[in-house]
Amino acid sequence: MKRRDFLKAAALTGLVTTFKLTDGMDLMAQKTAKKAVKTGGTSGTDLVAVMGGEPAQMFQKAIAELGGIGKYVKKGQTVCIKPNIGWDKTPELASNTNPDLVGEIVRQCIAAGASEVVVFDNSCDDWRKAYKNSGIEAAVTAAGGKMLPAKEVTYYRDITLPQGVKLKTAKVHQAILDSDVWINVPVLKNHEGALMTISMKNHMGIVWDRGFFHRNDLQQCIADICTLNKPAVLHVVDAYRVMKTNGPRGRSVSDVANSKALFVSADIVAVDTAATKFFGQLVDMPLESVKHISLAQDHHLGTMDLSKLKVKKINI
Amino acid sequence: MILKRLRLALGIISLLILTFLFVDFAGLLPAQKVPLADIQFVPALLALSFGTVTALLLLTLLFGRIYCSVLCPMGLFQDLTGRVALLFKKKKKRKYSYSPEKRWLRYGTLVAVLGTYIAGWSVLLSVLEPYSAFGRMVTHLLRPIYMAGNNLIAGVFNHFGNFSFYHTEIFLLSTSSLVVALITFVFIGYLAWRYGRTFCNTLCPVGTILGFVSRFSMFRFKVHEESCNHCGICARNCKASCIDSKSETVDNSRCVTCFNCTTVCTKKAIRYEFSWKKSAPATTISEDDSVASRRRFLATIGVTMLAASSQVWAKGMHLGTNKPWIRKSPLSPPGSHSAAHLNAHCTACHLCVAQCPSKILKPSFLEYGVEGMMQPIMDFSHGFCNYDCTLCTEVCPNGALKKLTVDQKHATQMGYVKFIKSNCVVFTDETFCGACSEHCPTQAVSMVPYKGDLTIPQLNTAICVGCGGCEYVCPAKPAKAIYVEGNPVHRKAEQFVDTNKKEVKVESFGF
């Protein structure tokens with residue numbers, strides 16, 4: 001290859017990779033994805049709550065109850081899994097999603113025929129340390145998934161949120177936009193600012209500029225980002241260890257309760273409602289205080305009235 | 001021949017490793033495990049590693065300035081520049097020539113460096129100290145190029161689904177240090193391109209000290225009259241310009257033991273040999289050139305100072321509609337104990353700056369005063385100090401940042417948190433936030449009930465370590481509502497007390 005040809009090729013590749021997709025293209029991509037979601041889960045059960053088992057075991061029970069992972073992930077699809085990997089902390093401190101749970105979900109997606117499973121979070125601490133010390137990198141890699149970097153703006157693309165009240169545009173990680181389906185896997189924690197961090201708050205890790213949220217009515221922005229035209233097909237709330245105080249970072253194991261629970265639903269409002277009620281048994285937390293949950297209900301993203309849903313409770 | 005090859009091999013290894021340490025933003029090579037920076041002369045001296053200093057002096061006393069030929073990265077950079085110059089020079093110009101020692105300039109510079117250092121100004125030492133000057137060149141000039149190259153490769157690889165490379169943010173660390181690095185690069189690079197090791201033999205304080213020793217070294221170079229035919233090939237190949245083929249003398253104080261002369265001499269008239277049996281040959285000094293050279297040197301330093309001081313800006317100040325604040329004391333890095341300790345031991349090599357995984361260490365401008373210019377300072381505009389990270393204290397070769405264990409770091413307060421309620425979004429907008437408390441590792445910033453369900457920050461400065469998580473993440477604009485004030489002398493951070501020790505049992509789902 002001539003030097004000139006090589007340089008041309010390199011320049012072209014550079015151009016192609018930095019080329020930004022337009023909003024129109026994104027909307028098209030999201031629409032097709034949404035269709036896939038809607039034809040996805042039509043199981044009788046809306047929400048599954050499990051208690052008393054190990055993380056992977058509880059997920060196995062829950063997903064079986066919902067009709068199996070195959071309802072959500074089709075053969076050949078690319079899957080993105082978004083756990084909470086915010087902090088450079090070990091699993092015992094419950095700052096991040098349980099690595100065994102994330103590993104199990106990756107394993108099941110691949111077993112269901114997913115062509116690729118990618119995992120990322122826009123960490124607060126140094127992402128390389130957070131990925132490693134959370135145990136998630138090792139668990140994901142062992143299960144056949146791939147960790148993606150997320151700590152640089154080039155990995156994000158602009159999207160519009162037509163329904164957003166305060167948040168009308170955002171930069172969202174390309175893995176969320178490019179994957180066929182994505183699964184939201186938050187950890188249940190107390191949050192000194194937003195009061196609770198569950199499925200909705202976990203969306204802050206898919207966006208680039210979190211400062212905007214904090215500057216412009218945090219609770220409203222959290223609800224707004226959930227109107228993303230490509231919702232997660234499932235929300236899997238890890239409550240195996242729950243940070244009850246000093247969240248979302250926590251200081252020591254004394255902040256953690258070993259509650260051994262798991263909540264799974266496609267309804268983001270319902271699953272956050274259920275998890276908050278569960279959390280309320282550890283520390284007083286009135287549901288009305290956690291404003292983003294009711295604001296999301298106002299966006300018609302789901303229901304806070306669990307009596308309207310078919311809820312399955314499993315004690316192991 | 002063998003000695004030259006050995007010199008080349010060792011030199012290439014040193015240069016590659018030391019360069020990589022300064023560009024390696026991804027932490028691929030653990031700098032704390034590669035002791036090449038720790039055996040540099042001035043860093044070892046300032047770290048009070050008397051073993052290393054003695055070893056280097058002894059090495060020089062026995063074999064000459066081996067340090068300059070295989071260990072000093074600035075020397076190796078000059079050799080590389082000279083070699084590249086060969087490719088561009090016409091055949092006739094590919095030669096060095098003898099020039100007399102500029103003794104006044106050499107010793108004058110050394111005296112100036114020592115004098116200012118003793119007077120508390122380490123900045124001149126920092127500017128001329130070869131390892132640190134090299135470190136700055138790489139950190140400020142090469143590192144951004146390396147990162148841009150990485151991003152280009154990452155772009156291509158990521159496009160095809162391979163994420164073993166990842167994008168990294170490139171930003172200007174410090175204008176003043178960039179200018180100093182650029183001047184160093186152009187000035188020393190020019191001298192190396194035209195004249196070889198002129199810097200080492202006129203300005204470098206380490207070169208002068210080691211040269212004083214190598215004058216008397218056990219092994220040194222000598223021209224044997226009986227074999228010499230005065231062809232002058234040795235002088236033409238001497239990058240130290242220290243062989244006078246007319247008078248058949250070698251100025252061993254300036255010789256950097258490159259073995260080029262012994263390799264090119266066809267008569268084997270110049271030899272590297274045991275020399276303690278004879279008296280050391282006297283060196284001749286010419287006064288003529290020294291004045292012009294000294295002027296050039298002073299002019300350069302003058303320009304450096306001017307260029308740097310033209311960059312004077314207000315420090316750490318934010319202007320805008322909400323209440324601005326000014327950091328009164330600079331935030332000296334972990335392990336520095338105090339700004340004074342840092343100022344006395346740091347030569348601003350910027351290894352800590354290059355290695356900091358959180359990108360919070362940057363070269364200071366005038367925060368420590370002119371005397372401490374370019375020494376590292378904590379800046380929370382691109383990140384905050386990782387609670388459990390002690391990397392900078394492990395890589396510092398000067399002992400300016402003393403090694404800390406994680407527990408020792410947790411018990412050290414580098415600075416303490418300050419809160420300006422009138423800037424806080426909870427106060428101004430009456431909306432939820434808590435970003436500061438969210439990032440606080442000790443809950444020195446905790447959220448307490450405010451109006452309705454709102455919570456607002458409350459401080460407990462005694463347990464604050466000064467990591468800057470709160471300052472970095474505070475969303476208030478343009479001036480932040482929370483920041484860290486520096487401790488001129490680091491204090492002890494109190495341990496936080498766990499309040500929620502009781503185990504809570506849950507038996508039902510709660511709904």
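The values are calculated or read from the model by the stated rules, or taken from the named source; none is laboratory data. Worth saying up front: this structure is predicted, and the values here are computed from it rather than measured. All Cβ positions, even for glycine, are placed from backbone atoms using ideal geometry, and neighbour counts span all protein chains on display.
Among residues of the stretch B:442-455 that are more than 7 Å from chain A (Cβ to nearest Cβ), those with a beta-carbon under 7 Å from a residue that is part of a loop (DSSP other than H, G, I, E, B) and surrounded by fewer than 19 Cβ atoms within 10 Å (Cβ to Cβ) at least six positions away or on a different chain give the pairs B:A444/B:N460; B:K451/B:E430; B:L454/B:E430. Which residues, taken from the stretch A:170-198, are modelled with pLDDT of 95 or more, assigned to a strand (DSSP E or B), within 12 Å of another protein chain (Cβ to nearest Cβ) and under 21 Å from A:D209 (Cβ atoms)? Across the stretch A:170-198, the qualifying residue is only A:T197.
Just to verify a result, which residue in the stretch B:166-180, among those that are more than 9 Å from every other protein chain (Cβ to nearest Cβ) and without any contact (Cβ under 8 Å) to a residue 60 or more places away in the chain, is farthest from B:S381 (Cα to Cα)?
Filtering the stretch B:166-180 for residues more than 9 Å from every other protein chain (Cβ to nearest Cβ) gives B:170-180.
After this cut, where a residue has to be without any contact (Cβ under 8 Å) to a residue 60 or more places away in the chain as well, the list is B:170, B:172, B:178.
On the way: B:I170: 13, B:L172: 12, B:L178: 18 Å.
Going through the qualifying residues, I end up with B:L178.
State which residue is farthest from the other protein chains (Cβ to nearest Cβ) when the search covers only the stretch A:116-164 and only residues that are part of a helix (DSSP H, G or I) and among the polar types (S, T, N, Q).
Applying the first criterion (part of a helix (DSSP H, G or I)) to the stretch A:116-164 yields A:127-133, A:136-143, A:153-155.
Among the residues that remain, those that are also among the polar types (S, T, N, Q) are: A:133, A:141, A:154.
On the way: A:N133: 8, A:T141: 12, A:T154: 5 Å.
Filtering first and then ranking leaves A:T141.
For every residue, the table says whether it meets (1) modelled with pLDDT of 95 or more; (2) surrounded by 13 or more Cβ atoms within 10 Å (Cβ to Cβ); (3) more than 35 Å from the chain's Cα centre (by Cα).
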{"residue": "B:C228", "(1), (2), (3)": "no, yes, yes"}
{"residue": "B:A235", "(1), (2), (3)": "no, yes, no"}
{"residue": "B:K239", "(1), (2), (3)": "no, yes, no"}
{"residue": "B:K246", "(1), (2), (3)": "no, no, yes"}
{"residue": "B:V264", "(1), (2), (3)": "no, yes, yes"}
{"residue": "B:S275", "(1), (2), (3)": "no, yes, yes"}
{"residue": "B:S279", "(1), (2), (3)": "no, no, yes"}
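Of note, B:F509 does not satisfy the criterion of being touching a Leu at 6+ places or on another chain (Cβ under 7 Å) and outside any strand (DSSP E or B). The helices (runs of 4 or more DSSP H) falling completely within the stretch B:69-141 that include 1 or more residues that are under 29 Å from B:L16 (Cβ atoms) and more than 19 Å from the chain's Cα centre (by Cα) map to B:73-88. Annotation note: Cβ proximity below 7 Å between a residue of the stretch A:245-259 that is more than 7 Å from chain B (Cβ to nearest Cβ) and a residue that is in a helix (DSSP H, G or I) (sequence gap 6+ or interchain) occurs for A:G250/A:L93; A:V253/A:E92; A:V253/A:L93; A:V256/A:L93.
The single condition from (1) more than 11 Å from chain A (Cβ to nearest Cβ); (2) farther than 12 Å from B:P333 by Cβ; (3) of a type outside the set (F, W, Y) that B:V426 fails is (1). If the condition is being surrounded by fewer than 24 Cβ atoms within 10 Å (Cβ to Cβ), of a type in the set (V, I, T) and closer than 16 Å to A:D126 by Cα, then the stretch B:346-400 contributes only B:T390.
Here A:D158 clears all of (1) charged (D, E, K, R); (2) farther than 25 Å from B:I170 by Cα; (3) in contact (Cβ under 8 Å) with a residue 24 or more places away in the chain except the condition numbered (2). Put simply, of B:L361, B:L342, B:L351, B:L331 the only residue that is at pLDDT 95 or above, more than 22 Å from B:L48 (Cβ to Cβ) and either in the same structural domain as B:Q40 (by TED's automatic domain parsing) or under 15 Å from the mean Cα position of the chain (by Cα) (or both) is B:L361.
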